[in-house]
1. Can you pull out the residues in the stretch 40-65 that are among the hydrophobic types (A, V, I, L, M, F, W, C) and not in a loop (DSSP other than H, G, I, E, B)?
2. Of all residues in the stretch 129-151, how many are at pLDDT below 95 and closer than 18 Å to Phe76 by Cβ?
3. Search the stretch 29-50 for residues that are under 12 Å from Gln63 (Cβ atoms) and pair each with any residue that is surrounded by 13 or more Cβ atoms within 10 Å (Cβ to Cβ) and aromatic (Phe, Trp, Tyr) when their beta-carbon atoms are under 6 Å apart and the residues are at least 6 apart or on different chains.
4. Residue under question is Gly3, and the condition is that it be at pLDDT 95 or above and out of contact with any strand residue (DSSP E or B) (no Cβ under 7 Å at 6 or more places or on another chain); does it hold?
5. Could you tell me which numbered condition Lys57 fails, if it satisfies all but one of (1) within 30 Å of Gly136 (Cα to Cα); (2) out of contact with any Phe, Trp or Tyr (no Cβ under 6 Å at 6 or more places or on another chain); (3) in contact (Cβ under 8 Å) with a residue 40 or more places away in the chain?
6. Can you spot a residue in the stretch 59-69 that is loosely packed, with under 12 Cβ neighbours inside 10 Å and either within 15 Å of the chain's Cα centre (by Cα) or modelled with pLDDT under 95 (or both)?
7. Can you name the condition, by its number, that Tyr126 falls short on among (1) more than 11 Å from the chain's Cα centre (by Cα); (2) of a type outside the set (D, E, K, R); (3) at pLDDT below 95; (4) crowded, with 21+ Cβ neighbours inside 10 Å?
8. What number of residues within the stretch 35-53 are surrounded by 11 or more Cβ atoms within 10 Å (Cβ to Cβ) and either of a type in the set (Asp, Glu) or under 15 Å from Gly112 (Cα atoms) (or both)?
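The values are calculated or read from the model by the stated rules, or taken from the named source; none is laboratory data. Keep in mind that this is a model prediction, so the values were computed, not measured. Cβ placement follows ideal geometry from the backbone for every residue including glycine, while neighbour counts extend to all protein chains displayed.
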Amino acid sequence: MAGLELLPKEYGYVALALVAYCFLNFWMAFQVGKARKKYKVFYPTLYASESENKDAKLFNCVQRGHQNSLEMMPMFFMLMILGGIRHPCISSGLGCLYIISRFFYFKGYSTGDPQNRLKIGNSLWYRKYGFLAILGLMGCTTSLGLSLLRG
């Protein structure tokens, strides 16, 4: 296929990591749908009002966990796609770390206590590893940019 030979063979790992994030996103959306039924928050309402729904905070935490993941998705995808051109194995490894951290971020947030989004047990897991994964992907993308400028 024309053009694909320009990418390293290992770039396939980058593509698979991106698909894994899509599956995580589908799962989170399904969790929001279940929470809508459980807490009686119907479309088109994005967030529940505490004055109208006693379970508003519980629903809003599920919704917010998914929403924040959607907000971060364009940056994550862009860094994976670009950084993976020069560093496919490092980028896909960092991508997997980020995906795992996003899973735990969502699980923690979904408990109804927003502080749980940042930790597993007593560990600030997401803050440590999710942030490090994004920084690493920024480094891979910066490396690509510099190598292109050098010619």
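1. Ala56, Leu58, Phe59, Cys61, Val62
2. 4
3. Taking only residues 6 or more apart or on different chains, the pairs are Ala35/Phe59; Tyr39/Phe59; Val41/Phe59; Ala48/Phe59.
4. No; evaluated as a whole, the condition is false for this residue.
5. Checking Lys57 against (1) within 30 Å of Gly136 (Cα to Cα); (2) out of contact with any Phe, Trp or Tyr (no Cβ under 6 Å at 6 or more places or on another chain); (3) in contact (Cβ under 8 Å) with a residue 40 or more places away in the chain, the one that fails is (1).
6. The answer is no, given that none of the residues of the stretch 59-69 is loosely packed, with under 12 Cβ neighbours inside 10 Å and either within 15 Å of the chain's Cα centre (by Cα) or modelled with pLDDT under 95 (or both).
7. (1)
8. Total meeting the criteria: 8.
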